[in-house]
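Below you'll find the structure, written out as C-alpha cells, and then a few comments.
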Amino acid sequence: MARLFGTDGVRGLANTDLTPELALSVAAAAARVLVERDSSHRPVAVVGRDPRASGEMLQAAVSAGLTSAGADVMQLGVLPTPAVAHLVGELGADFGVMISASHNPMPDNGLKLFAEGGHKLPDLLEDDIESHMGVEFARPTGAGVGRVYDIADALDRYLQHLAKAVPHRLDGLRVVVDCANGAAWAAAPRAYREAGAEVIAIHALPDGENINQDCGSTHLDSLRDTVLAENADLGIAHDGDADRCLAIDAAGNLVDGDQIMAVLALAMKESGDLADDTLVATVMSNLGLHLAMREHGVNLRTTAVGDRYVLEELRQNNFTLGGEQSGHVVLPTHATTGDGLLTALRLMARVAETGRPLAELAGVMTRLPQVLVNVKVADKAAVTSSTTVSEAVAEVEAELGETGRVLLRPSGTEQLVRVMVEALSLEVAEAAAQRLVGVVSSAV
C-alpha cells in the first residue's frame, strides 16, 4: 500500500481522497501517538485552517477525532500554517493540526501535523500515526471526552510574534501584497502595515472557493501588473497557507526564493546572525546562488528536495537560514517552519534599512538559465544506476565546468527521471539537456 503521508502531510481531493472519516481517524491516531500521557496531563491540540470551503468540514472531523481520544482542542480559525506552528509552542499545546492544501487548487485539502514546540513530524512518527489508524482503543467517556475552545486572539498573538522579528521599520515603503485569497488575507496586510509599510492588498477576499485561483505565488501576473500600476517599491506573493514568499521588484521582475535567501544571507552575515556563515538550500537551487554565496564568503549546504530536509539540516547543525527556490524560507531563530510573512518582513526590512531598491539587492545573484525535462522511463532505479548515464553526465559536467551544472533525479512517486541542466546561456543548457534526455531514454 502507498504511504498515507506525503512530503507535506496528508493531501488529496477533499471528500473523495481526504474524507471526513479519514481526517477523524488521522486525528484520533495522532492524539494517541503524539502525547506522553500521565494521570496529571490532559492532551491539548491546536487546530487551524486555510479558508477553502472543505476546511469547515474537515475541521469538524479533526476536532471530533481529537476529542474522541480525550484531547482538548483549541480552534484558531483561519490562520497561516506558520502561525499554527508557532501557537503550538506559545499556547503550550502537545501538537497541532493545520488543514490546508497550500498552493493546490481549491478542491484539494490536506492535514499538516506539528509536534510539541511546533516542529514538523519525522517520517517514523508519521508512520507510527498511520499504524494506529483504525485500531480500536479505550475511548474516554463522561468528563474524559475532550472539549473544544475557540482562541479569539490567535491572530493577535501571531502578529505580536512577527513584530519582534522585524529588525527595521518599513516606513516609506509602498508594497503590494497578493494574499492568494488564502490564509494570509487578514494577517499579511495587517503585519506589513503595523511594521510601517503602505500596503495595497490584492486577492484578500476569500470566499471559500477562490483560494489560489489565478493569484498568489503560482500566478504572479496580477501582482506584477499592480506593482507597476501603483508605482510600488515591490510586491509580495504568498500561497494559500502563507508558508511561501516570492517577490516582484519595482520594474516587475520576479525575485525568487534563491534570490531572497541571497539577500537575507548577506544581511545576516553582516549582522553576525548567520551561524557558521552557512546557508542551507536544496539541490534544486540555482547555480547562481552557489556562485554568489561563494563570492561573498558564505558556505552553501545542499539537501534533498523538500523543506523537511532543509529543516533537518538546520536543526541538526544549529544553522540560522535555509530554504527553497519556491519561496519556502526558514529562519529557525524565529520560526520552526517556513513562514512567508516573516520572510517578507525580513526582506522588506533589508530594503528599508539599506535604502536600496529590491532589484539592486537581489542583483547580488544572477539566475543562470535552467532547463528541466521529465523523462518517462520503465525503471528509474536502473536508469540512475546506469554506467552509460553516469558517463554522459560526467562528460556534460566537464564541458560546462564551473559555469554550469547537471542534476539527474528520480521522481519520488512516478517512473520519471528529472533531467536538470544549468548553463550561462539557455541555448547551451537546452542542448546539454536534450543530449542527456536521449541517453536516459535509451539507457534501459
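Odds and ends about this structure:
- Between 0 and 90°, nearest 10: helix 426-441 axis offset from the chain longest Cα axis: 70 degrees
- Most to least packed among 321-327, 292-298, 150-156 [average Cβ atoms within 10 Å]: 321-327, 292-298, 150-156
- Gap separating the Cα centres of the stretch 309-323 and the stretch 398-440, nearest whole Å: 27 Å
- Projected onto their three principal axes, the Cα atoms of the stretch 182-257 cover extents of 32, 26, 23 Å, largest first.
- The alpha carbon centroids of the stretch 358-382 and the stretch 172-213 are separated by 29 Å.
- Length released on extending from Arg147 to Glu430, taking residue separation times 0.36 nm less the Cα-Cα span: 96.0 nm
- Judged by the ratio a/c of the largest to the smallest principal axis of the C-alpha gyration tensor, the stretch 143-189 counts as oblate, that ratio being 1.5 or greater while a/b is no larger than b/c.
- Translational D in µm²/s for the stretch 1-92 (Stokes-Einstein at 4 °C, 1.567 mPa s, Kirkwood Rh from C-alpha pairs): 93 µm²/s
- Qualifying aspartates and glutamates (Cα of each under 14 Å from Cα of Lys376; at least 8 residues distant if same chain): Glu414
- Cα long-axis angle, helix 54-68 against the chain (0 to 90 degrees, to the nearest 10): 50 degrees
- Portion, in percent, of the accessible area of the stretch 169-244 that falls on carbon or sulfur, probe 1.4 Å: 44 percent
- Amide N proximity, the stretch 421-439 versus Thr388 label position 7 Å along Cα-to-Cβ, cut-off under 18 Å: 433-439
- For the stretch 179-199, the residues whose backbone nitrogen is under 16 Å from a point 7 Å from the Cα of Leu205, taken along Cα to Cβ, are 179-182, 185-186.
- Accessible surface of the stretch 266-411, 1.4 Å probe, proportion on carbon and sulfur as whole %: 46 percent
- Label-zone membership for the stretch 167-203, site Gln160, 7 angstrom Cα→C-beta point, backbone N under 19 Å: 167, 187-188, 190-196
- In terms of the mean number of neighbouring beta-carbon atoms within 10 Å, the peptides 47-55, 131-139 order highest first as 47-55, 131-139.
- Computed from the C-beta positions of Glu198 and Lys376, the FRET efficiency with R₀ = 51 Å rounds to 0.55.
- For the peptides 212-221, 267-276, 354-363, the ranking by mean Cβ contacts within 10 Å, running from highest to lowest, is 212-221, 354-363, 267-276.
- Cα gyration tensor category, rounded, prolate or oblate, for the chain with a/c compared to 1.5: oblate
- The residues of the chain expose, per residue, 41 Å² of accessible area to a 1.4 Å probe.
- Whether the stretch 60-139 is rounded, prolate or oblate, judged on the alpha carbon gyration tensor where a/c under 1.5 counts as rounded: rounded
- One decimal place: the segment Leu407-Glu116 gains 101.1 nm when fully extended, by the rule 0.36 nm per residue minus the C-alpha distance.
- Cα-centred dipole magnitude for the chain, charges only on beta-carbon of K, R (+1) and D, E (-1), debye, nearest 20: 420 debye
- Site pair Glu414 and Asn299 shows an inter-label distance of 3.7 nm when each label is modelled 7 Å from Cα along Cα→Cβ.
The values are calculated or read from the model by the stated rules, or taken from the named source; none is laboratory data. Please read these numbers as outputs of a predicted model, since none were measured by experiment. Virtual Cβ from ideal backbone geometry, glycine too; neighbours counted across all protein chains shown. Only protein heavy atoms, including side chains, enter the accessible area calculation; ligands, DNA and RNA are left aside. Shrake-Rupley method; radii C 1.70, N 1.55, O 1.52, S 1.80 Å.
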